[in-house]
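Q: I have a structure here, written as structure tokens, and I will follow up with some questions on it.
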Amino acid sequence: MAIRKIREIGDPVLTKKCKEVTEITPRVQELIDDMFETLYEADGVGLAAPQVGILKRIVVIDVTGEDPILLINPKLMETSGEQEGYEGCLSVPGKSGKVTRPNYAKVMAYDENMNAFELEGTELLARAICHELDHLDGQLYVERVKGPLVDTTELMEEEEE
Ligand code: NI
């Protein structure tokens with residue numbers, strides 16, 4: 001396993017539409033392992049393959065640090081409700097912005113054996129699912145932000161007050 005370099009906003013790879021995975025080759029398995037390692041090293045909640053420069057429809061998410069989720073070729077099946085909150089992205093370091101997302105999301109995806117499964121999430125997990133799926137279609141959250149991007153450190157200070 002290896003830590004991969006996280007691509008940052010301005011890198012054209014982040015604006016491209018990713019291709020479906022058709023087979024779990026050793027290279028794809030290595031990519032998945034590296035994505036989890038890179039996610040944990042960066043202390044993130046989610047990471048999509050284009051963020052490490054690979055245009056494949058693969059997403060890793062872990063909202064608690066103990067619940068790794070792998071989504072291959074994920075498709076959003078259902079959303080409901082609404083939540084407004086600050087969101088950040090490993091490809092936009094140090095910044096946060098307010099984004100409205102569904103409060104519930106259901107996806108269909110494949111696991112590392114290419115078996116289909118469904119995943120439902122609310123709150124932070126629903127936000128992470130929607131954020132990461134956007135990456136697979138070349139969209140960054142900054143395009144959905146209401147108001148200005150703020151420094152994440154300022155935001156944390158505000159919350160402490
Ligand atoms: Ni992101």
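Q: Roughly how many percent of the accessible protein surface of the range 1-88 is carbon and sulfur, given a 1.4 Å probe and a whole-percent answer?
A: Looking at the range 1-88 in its full context, I get 48 percent from C and S.
Q: Are any of the pairs K19/K98; K19/K75; K16/K56; K5/K95 more than 21 Å apart by Cα-Cα distance, and if so, which?
A: Over 21 Å Cα-Cα: K19/K98.
Q: Taking every pair of Cα atoms in the range 1-147, average 1/r, invert it to obtain the Kirkwood radius, and report Rg/Rh to two decimals.
A: 0.93
Q: Give, rounded to the nearest 20 debye, the magnitude of the charge dipole that the chain has about its Cα centre when Lys and Arg contribute +1 at Cβ and Asp and Glu contribute -1 at Cβ.
A: Using only the charged Cβ atoms, the result is roughly 1000 debye.
Q: So what's the range 93-161 giving for Cα Rg divided by 2.2 N^0.38 Å, two decimals?
A: 1.36
Q: If you take the C-alpha gyration tensor of the range 25-74, multiply each eigenvalue by 5 and take the square root, what semi-axes do you get, largest first, in whole Å?
A: 17, 11, 10
Q: Once you order the gyration tensor axes a ≥ b ≥ c over the Cα atoms, which shape class does the range 45-103 get: rounded for a/c under 1.5, otherwise prolate or oblate by comparing a/b with b/c?
A: oblate
Q: I would also like to ask the following. Can you compute the FRET efficiency between K19 and V142 using 1/(1 + (r/R0)^6), with r the Cβ-Cβ distance and R0 = 22 Å? Round to the nearest 0.05.
A: 0.40
Q: Then there is this: At 7 Å along Cα-to-Cβ for each site, give me the label-to-label distance between L76 and N113 in nm.
A: With each label placed 7 Å out from Cα toward Cβ, I get 3.0 nm.
Q: So what is the accessible area of the chain per residue, in Å², with the probe set to 1.4 Å?
A: 54
Q: Quick one: Karplus J couplings for the range 9-19, per residue in order, coefficients 6.51, -1.76, 1.60, θ = phi - 60°, nearest Hz, x for Gly and Pro?
A: 3, x, 7, x, 4, 6, 10, 9, 7, 8, 9
Q: While we're on this one: Using a 10 angstrom cutoff on alpha carbons, build the Gaussian network for the chain and name the most mobile of N103, N73, N115.
A: N115
Q: Would you be so kind as to identify all helices of the chain, as entire DSSP H runs, whose Cα atoms reach 27 Å or more along the helix's own axis and whose mean Kyte-Doolittle hydropathy is at least 0.0?
A: Within the chain not a single helix satisfies the rule.
The values are calculated or read from the model by the stated rules, or taken from the named source; none is laboratory data. Small disclaimer: the values here were computed from a predicted structure and weren't measured. Virtual Cβ from ideal backbone geometry, glycine too; neighbours counted across all protein chains shown. Ligands, DNA and RNA are stripped out before the accessible areas are found, and what is left, the full protein with its side chains, is counted by its heavy atoms. Shrake-Rupley method; radii C 1.70, N 1.55, O 1.52, S 1.80 Å.
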